[in-house]
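Presented below is the structure to which this report refers.
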Amino acid sequence: MKRKPGATSRRTFLKNSAAIAAGAAIGSGAIPGFPAIWAQNIKNVTLRQFGTGVSNLNAIAEKCKQDLGITLQMTALDSDSVAQRAVTQPNSFDIADIEYWVCKKVFPAGNMQPMDTKKIKYYDKIVPIFLTGKLTPQSTIAQGTAPHTVGFAKGKNSVEFAAEETGWMTLIPTIYNADTLGIRPDLIKKPVKNWRDLLDPSFKGKASILNISSIGIMDAAMVCESMGEIKYGNKGNMTIAEIDKTMAIMTEAKKAGQFRAFWKSFDESVNLMAAGEVVIQSMWSPAVAAVRAKGIPCVYQPLAEGYRAWGGGIGLAKHLSGLELDAAYEYINWYLSGWVGAYLNRQGYYSACIETAKQHMSADEWAFWMEGKPAKTDILSPEGKVMEKAGSVRDGGSFYDRMGAVACWNAVMDENKYLVRKWNEFIAA
Amino acid sequence: MNPSARSSPGSATPYVQVAPLAVIFALFLVVPIATIVVVSFWDYDEFRILPDFIWDNYVYLLTSQVTLATYVNTVKYAVLVWALTFAIGFVIAYFLAFHVRTMTWQIVLFILCTIPFWTSNIIRMISWIPFLGRNGLLNSTLIHLGVVDQPLEFLLFSDFAVVLAFVHLYTLFMVVPIFNSMMRIDRSLIEAAADAGASGWQIVRNVILPLSKPGIGIGSIFVVTLVMGDFITVRLMSGGQSSSVGIAMSNEIALLQYPAAAANAVVLLVVVLLMVAAMLRVVDVRKEL
């Protein structure tokens, strides 16, 4: 019988199958040294990332998929849940986007691995705050859990923090800001210039602070020092006597009816301010923006004593290895390459590599967000909504004005256990 | 009758019949509680739970002023909510049982009572906030009508708001068991009392109330245990300014302090069991089952 044209013979089938199998072996990494094929395979990688809502953004996951092919599964949690998950569910994530004070808690648990700074393409462009603790050579290092104090591990397999730069970073900084008090200028009839104004009796029943002890205690410290009641050795690592004094002052204010409410989630903060329940509170930057987006005046008030700062970064799970680990480094390098930085800057945050972010922002956006200059045109949010009208100026001014006036960072103290008990007593009082 | 057909004393059959439920209780109730008791003796730091046997968690808990304040506050809520849900629940149940004549209308009105449960607890609580707020609907209306000059601030982020939300959430848990008890009351007893000259109020106090005790007991257990164990209602409606045992536990868990939370849970369990035991001594709920 004559063979039909195009029919596959047994020999041909076997030959083709062998070629496919060989290709699979090479692509999987079993046979190294084929980057072209490797590049194709990171498109099949999925990385599970969790962190607070400020930076676990769907837009970033979409852009990452588009640019790198890597699938990011984002889960947004509040600060405490982030710490909880990082410590108790190490296999549920590949990337932890956590705050530096949370890092102080969870990195020693050994669930994460330090990152080789030689693989970080833009390492030398990272803002010096995260490397040396100083924004400029003349800066004073702020109190509290400053990022550089927990930003480096002693070695590749170490769970101990190094005091200086090493080649092993615990977190790649992603996002940070300088926080202060938010006010309703339309409902407040007097100037607000100091942290102590939070406890001003004329704001009785109209003030609020957030109920997260590691952050709230720093706000309380700023207030108490501003009042002249306490001079701290280091607000970021209080003695028991300092904790007692601080909480006594706050408890007294609470019992006097100073506070309308305490908030724990972003939305609560926005609602308290927008509804006029509260006219002065410790706020986060996007909450101020959200209130303003409703057409309600709200100012992130610069204060004489400076700012309380916070920062977050990306850390890698201990179990991450092979292709997933390589993909994670690709993701980090992409993250620092500018698009994400510009996105975060447009939300009112700061990014780790401001040089690369600048390349993705318009001149007017850069001037407004980073240089503190009046906006020439309406300033749009990353989603395209108007955030600020032409002519407006950023509260607090330029990047150097704001980050250069940081007095302290959110902190985890040696007496943390005691602090939490005192904080709970304050809440229950 | 054939004697051999009867189960002989000592037969294994009853034990086999009860085994599945016993296993379920053992696995899903006894083991978890035992785990909590064990963890309550462990130690902890910022990022680890340390197996140990220490009394520190209990010593702090039982000697801390905040524990006493928290329990007083929680019991206060429980008593207030109980009193209000009982008063409201009894009246509603009485109306449904004795003044609604047809089964159809009883069913219709009962369904009406369940409408609040068609949304989640949290939405029900949050919906009070724009109503009660300083610039909320109620305050705006009162000011507009000239009833008050200044917003009534006690309406929200206050004990008032907490109790209001609890009553809104839990009244039905009182209505249902009381209604159930009332429906079992022999109507001829009421007619007999009326024939003997008792007034309406006397009938309620001497006939209906005593015979409803099992239902009241069950409803009370529901309401008290739910309030004692709550943490989300107190936090939202007090604006985070009041404490309850549940909130303290929630905070400890959030901060990875599981042993402290476990000790709190054990103490709360003991307290609530004592409360339930006290209620059961007053009422024989077996008549309800």
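The values are calculated or read from the model by the stated rules, or taken from the named source; none is laboratory data. None of the values given here were measured: they were computed from a predicted structure. All Cβ positions, even for glycine, are placed from backbone atoms using ideal geometry, and neighbour counts span all protein chains on display. These area figures cover heavy atoms from the full protein model, side chains too; ligands, DNA and RNA do not enter into them. Shrake-Rupley method; radii C 1.70, N 1.55, O 1.52, S 1.80 Å.
All other residues with a Cβ under 15 Å from the Cβ of A:Asp401 taken together, and with Lys, Arg as +1 and Asp, Glu as -1, what is their net charge?
Net of charged neighbours comes to -1.
What Kirkwood hydrodynamic radius, in Å, does the protein assembly as shown give when the mean of 1/r is taken over all pairs of distinct Cα atoms and then inverted?
When all Cα pairs of the protein assembly as shown are included, the Kirkwood radius is 29.7 Å.
If I model a spin label at A:Glu415 and A:Lys63 as a point 7 Å from the Cα along the Cα→Cβ vector, what separation in nanometres do I get?
So the two model labels end up 4.4 nm from each other.
Output needed for the range B:85-129: three equivalent-ellipsoid semi-axes, defined as square roots of 5 times the C-alpha gyration tensor eigenvalues, in descending order, whole Å.
Values for the range B:85-129, descending: 25, 14, 6 Å.
Quick check on my link table: of A:Lys104/A:Lys156; A:Lys294/A:Lys385; A:Lys119/A:Lys318; A:Lys105/A:Lys245; A:Lys105/A:Lys254, which ones sit more than 19 Å apart, alpha carbon to alpha carbon?
A:Lys105/A:Lys245; A:Lys105/A:Lys254
Classify the range B:129-283: rounded, prolate or oblate, from the alpha-carbon gyration tensor (a ≥ b ≥ c, eigenvalue square roots; a/c under 1.5 rounded; otherwise prolate if a/b is larger than b/c)?
Here the range B:129-283 falls in the oblate category.
Kindly identify the range A:283-429 as rounded, prolate or oblate by the Cα gyration tensor criterion: order the square roots of the eigenvalues as a ≥ b ≥ c, call it rounded if a/c is under 1.5, otherwise compare a/b with b/c, prolate if a/b is larger, else oblate.
oblate
Would you mind getting me the FRET efficiency between B:Ser120 and A:Asp78? Use the beta-carbon distance for r and R0 = 22 Å, nearest 0.05.
0.70
Could you work out the pair-distance distribution P(r) of chain A from its alpha-carbon pairs, with 10 angstrom bin width and percents rounded to whole numbers?
4, 20, 29, 23, 12, 5, 3, 2, 1, 0, 0
Quick one: the Cα spread of the range A:362-423 along its three principal axes, in angstroms, biggest first?
Extents along the principal axes, in whole Å: 51, 25, 16.
Quick one: buried accessible area between A and B, total over both chains, 1.4 angstrom probe, nearest 100 Å²?
When A and B are taken together, about 2900 Å² of accessible area is lost.
Of all GluC sites (Glu not before Pro) in the range A:69-171, which ones are in loop regions per DSSP and have a Cβ with at most 13 other Cβ atoms within 10 Å?
Within the range A:69-171, the qualifying GluC sites (Glu not before Pro) (loop, at most 13 other Cβ atoms within 10 Å) are A:Glu160, A:Glu164.
Which order do B:Arg101, A:Arg308 take when ranked by solvent-accessible area (1.4 Å probe, heavy atoms of all protein chains), largest first?
B:Arg101, A:Arg308
Once the other residues with Cβ under 11 Å from the Cβ of B:Leu132 are scored (Lys, Arg +1; Asp, Glu -1), what is the net sum?
Computed value for this residue: -1.
What 222 nm value per residue comes from the helices of chain B, counting each DSSP H run with n ≥ 4 as -39,500 (n - 2.57) and dividing by all residues, nearest 500 deg cm²/dmol?
-20000 deg cm²/dmol
As a test of reading the structure, rank B:Thr104, A:Thr356 by solvent-accessible area (1.4 Å probe, protein chains only), most first.
Largest accessible area first, the list is B:Thr104, A:Thr356.
Roughly how far apart, in whole Å, are the Cα centres of the range A:373-429 and the range A:180-220?
Between the Cα centre of the range A:373-429 and that of the range A:180-220, the gap is 13 Å.
What's the angle, to the nearest 10 degrees (0 to 90), between helix A:240-255's Cα axis and the longest principal axis of chain A?
70 degrees
Nearest 10 degrees is fine. How inclined is helix A:79-88 to the longest principal axis of chain A, computing both from alpha carbons?
50 degrees
Ranked from the most accessible area to the least, with a 1.4 Å probe and all protein chains present, what is the order of B:Ser127, A:Ser81?
Descending order: B:Ser127, A:Ser81.
In chain B, once you exclude exposed chymotrypsin sites (Phe, Trp or Tyr not before Pro) (DSSP loop, at most 15 other Cβ within 10 angstrom), what's the longest stretch remaining?
Longest run free of exposed loop sites: B:56-289.
For A:Ser321, tell me the accessible area in Å² from a 1.4 Å probe, rounded to the nearest 10.
70 Å²
Is it possible to state the helix-based mean residue ellipticity at 222 nm for chain A, with each DSSP H run of 4+ residues giving -39500 (n - 2.57), the sum divided by total residues, to the nearest 500 deg cm²/dmol? What is it?
Result for chain A, helices only: -10500 deg cm²/dmol.
For the range B:37-186, what are the per-bin percents of Cα-Cα distances with bins 10 Å wide, up to the bin holding the maximum?
9, 22, 23, 23, 14, 7, 1
Label the range A:145-275 by shape, choosing from rounded, prolate and oblate, from the square roots a ≥ b ≥ c of the eigenvalues of the Cα gyration tensor; if a/c is under 1.5 it is rounded, and otherwise prolate applies when a/b is larger than b/c, oblate when it is not.
prolate
Helix A:322-335: angle to the longest alpha-carbon principal axis of chain A, degrees 0 to 90, nearest 10?
50 degrees
If R0 is 41 Å, what FRET efficiency do you get for B:Arg286 and B:Trp55 from their C-beta distance, rounded to 0.05?
Calculated transfer efficiency: 0.55.
Subtract the Cα-Cα distance of B:Thr63 and B:Thr102 from 0.36 nm times their separation in residues, and report this length gain in nm to one decimal.
So the extension gain works out to 8.3 nm.
Would you mind getting me the FRET efficiency between B:Ala192 and A:Ser202? Use the beta-carbon distance for r and R0 = 51 Å, nearest 0.05.
My answer for the efficiency is 0.15.
What is the pair-distance distribution P(r) of the range A:213-298, computed from all Cα-Cα distances in 5 Å bins starting at 0, with each bin given as a whole percent?
Final binned percentages: 3, 13, 23, 19, 16, 14, 9, 3, 1.
For the range A:76-170, report the % of Cα-Cα distances exceeding 15 Å.
Result for the distance tail: 62 percent.
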